[in-house]
Amino acid sequence: MPNPVVAKCPICAAQLKVVRLDCDSCGTRLEGSFSLGRFHALSPDQLEFLETFIRARGNFKDIERELGISYPTVRSRLDAMIRALGFPSQAEPDRESERRKEILRELAEGRIAADDAASLLESEPSA
């Protein structure tokens, strides 16, 4: 089996790009600038997790059992992989929602004024 494609520069860790593709069958050669694709942004550990996730068909219990990790760890690794692939994580809106609740709690307890709460809520990204 051939070696896997190296996606990051071993010197500066920047993303590498493909500049030539060769066909062993007919000898065709394509030259240009090609991206490696989304999955090359994943670390080896994240790729291993992705393979396990696919084998388990997304069943968290099976992933927990196969990797010997807890449910929160499975969630955390999945969220990290989702972010590494460039997709927004669903964990982010939860933090925004919690911050909004905290502001409202402080207002209800009289720790901040209504104007301050309104300003803080307006500056928060909408959930």
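Please treat every number below as a calculation from the coordinates, not as lab data. This one's a predicted model, so the numbers in the text were calculated from it and none came from an experiment. In this analysis, Cβ positions are derived from the backbone assuming ideal geometry, glycine residues included, and neighbour counts consider all displayed protein chains.
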Would you please give the FRET efficiency between Thr28 and Val5, computed as 1/(1 + (r/R0)^6) with r the Cβ-Cβ distance and R0 = 30 Å, to the nearest 0.05? 0.95
To make sure I understand the rule: partners must be lysines, Cα under 30 Å from the Cα of Lys8, and not fewer than 8 residues away in the same chain. Which ones qualify? Lys17
Label Ile54 and Glu102 with points 7 Å out from Cα along Cα→Cβ: what is the distance between them in nm? 3.9 nm
If you place +1 on the Cβ of every Lys and Arg and -1 on the Cβ of every Asp and Glu, how big does the dipole about the Cα centre of the range 1-52 come out, in debye to the nearest 20? 260 debye
Quick check: pseudo-label points 7 Å beyond the Cα along Cα→Cβ at Ser43 and Ala13, how many nm apart are they? 1.0 nm
Relative to the longest principal axis of the C-alpha atoms of the chain, give the angle of the C-alpha long axis of helix 91-108, reported between 0 and 90° and rounded to the nearest 10°. 10 degrees
What's the magnitude of the charge dipole for the range 40-84 around its Cα centre, counting Lys and Arg as +1 and Asp and Glu as -1 at the beta-carbon? Answer in Debye, nearest 20. 160 debye
Pull up all non-local amide H partners of Ala7: gap of 5 or more, or a different chain, and H-to-H distance under 5 Å with H placed in the peptide plane. none
The alpha-carbon pair-distance distribution computed for the chain, with 10 angstrom bins and whole-percent values, is 10, 24, 21, 21, 15, 5, 2, 1
Please name whichever of Ala108, Leu30, Ser76 sits farthest to the positive end of the charge dipole of the chain, dipole taken about the Cα centre and charges placed at Cβ: Lys and Arg +1, Asp and Glu -1. Leu30
With angles folded into 0 to 90 degrees, how steeply does helix 114-123 sit against the dominant principal axis of the chain? Use alpha carbons for both and round to 10. 10 degrees
Can you tell me the dipole magnitude for the chain around its Cα centre, using point charges on the Cβ only (Lys, Arg +1; Asp, Glu -1), in Debye to the nearest 20? 500 debye
The chain: angle of helix 71-84 to the longest principal axis, Cα-based, in degrees nearest 10: 70 degrees
Sort 8-17, 114-123 for me by packing, meaning the mean count of neighbouring Cβ atoms within 10 Å per residue, highest on top. 114-123, 8-17
